[in-house]
Protein chains: 2
Amino acid sequence: MFSVSARTQYAIRAMSCLATRQDRSATSAELAQAESIPPKYLEGIMSNLTARGLIESERGKNGGYRMAKDPAAITMLEIVEAVDGKIKPVTCVDAAGACALGGNCHPRKFWVGLKQTIDAYLAESTLKDVSEG
Amino acid sequence: MFSVSARTQYAIRAMSCLATRQDRSATSAELAQAESIPPKYLEGIMSNLTARGLIESERGKNGGYRMAKDPAAITMLEIVEAVDGKIKPVTCVDAAGACALGGNCHPRKFWVGLKQTIDAYLAESTLKDVSEG
DNA sequence: CTATATTCCTATCTGGATAGTAGGAATATA
DNA sequence: TATATTCCTACTATCCAGATAGGAATATAG
């Protein structure tokens, strides 16, 4: 229950690896190698992280990725949302009455609270914290 | 991300429904009807809840289910664990070194913290709270 | 003792999401 | 021109949650 996707785990490992490199830069292939992540799969993940502005990319020869911010300024919530989208325990979490039950949906408040709880935890954990264990 | 299984949602709805009935009892078929849950699927869920001791069952004609405790004494954590098992963000959450990374797994502490955060939220929400919205 | 209504058990099917693969286009360097 | 990279799109495979089916066990009523 509530298992974390491989996608998110890969993203965090790759980011940690990148953050702890001298110069804080590396190619996707290097990160895949270092963290035992399927290389082609990681490419797509890296693009997500770039789109979100957590890292910066350089194409072509001698290209690769580098940290766009200090690891202490990057939260786990940003990483998770970048690769897997927003936390959504139930479909109606951001739209009351979206489920088949309509307005008569008592549990909704509870699920919204769960989302907020998870979001808060992820937002207060930084990449620096996690990569240092 | 972090979506809640239909199984757990069904369990909570069925429990809420049962809790708010006069006499706090009903058959599986009645609950399925009232909450628009596939009847045969609900049967298995009800068995899980019975095994956990949250409700009591009576077989045969005039049989059915009844609350085993006060709804204020039943937590969401109990219901979730009864039907979907323990919260487990990552496989290594209760066994350090269980993953391919071995002991060199910095993120583990973070995932364990997430589990504890979710567990705590679920444990402080009672069936009474949720069924009343 | 038979008919009926229920929980309980086991096995099976299925669709959709997740994980991973493939091929190449765009881009940068030398 | 050759090479190394990110980036884009499409495809395939695998797995599991969700659901279904059939019937065994059990209790009640007439």
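Filtering segment B:1-43 to residues that are part of a helix (DSSP H, G or I) and charged (D, E, K, R) leaves B:ARG7, B:ARG13, B:ASP23, B:ARG24, B:GLU30, B:GLU35, B:LYS40, B:GLU43. List pairs: first in segment A:75-86 and under 12 Å from A:SER5 (Cβ atoms), second at pLDDT 95 or above and among the charged types (D, E, K, R), Cβ under 7 Å, 6+ apart or cross-chain? So the pair list comes out as A:VAL83/A:ARG7; A:ASP84/A:ARG7. Is there a residue in segment B:60-73 that is modelled with pLDDT of 95 or more, part of a loop (DSSP other than H, G, I, E, B), within 21 Å of B:ILE118 (Cβ to Cβ) and aliphatic (A, V, I, L, M)? Taking every residue of segment B:60-73 in turn, none turns out to be modelled with pLDDT of 95 or more, part of a loop (DSSP other than H, G, I, E, B), within 21 Å of B:ILE118 (Cβ to Cβ) and aliphatic (A, V, I, L, M). If you go through segment A:32-52 and pick out every residue that is more than 8 Å from DNA strand D (Cβ to nearest atom) and over 12 Å from the mean Cα position of the chain (by Cα), you end up with 10. Against the condition away from DNA strand D (no atom under 14 Å from the Cβ) and at pLDDT below 95, how does B:MET15 come out, does it pass? Spelling it out, it is not the case that B:MET15 is away from DNA strand D (no atom under 14 Å from the Cβ) and at pLDDT below 95. Among the residues of segment A:1-44, the ones that are surrounded by fewer than 17 Cβ atoms within 10 Å (Cβ to Cβ), away from chain B (no Cβ under 11 Å) and within 11 Å of DNA strand C (Cβ to nearest atom) come to 6 in all.
The values are calculated or read from the model by the stated rules, or taken from the named source; none is laboratory data. The structure presented is a predicted model; accordingly, all values stated were derived computationally and were not measured. Quick reminder, even Gly has a Cβ in these numbers, built from the backbone with ideal geometry, and neighbours come from all protein chains shown.
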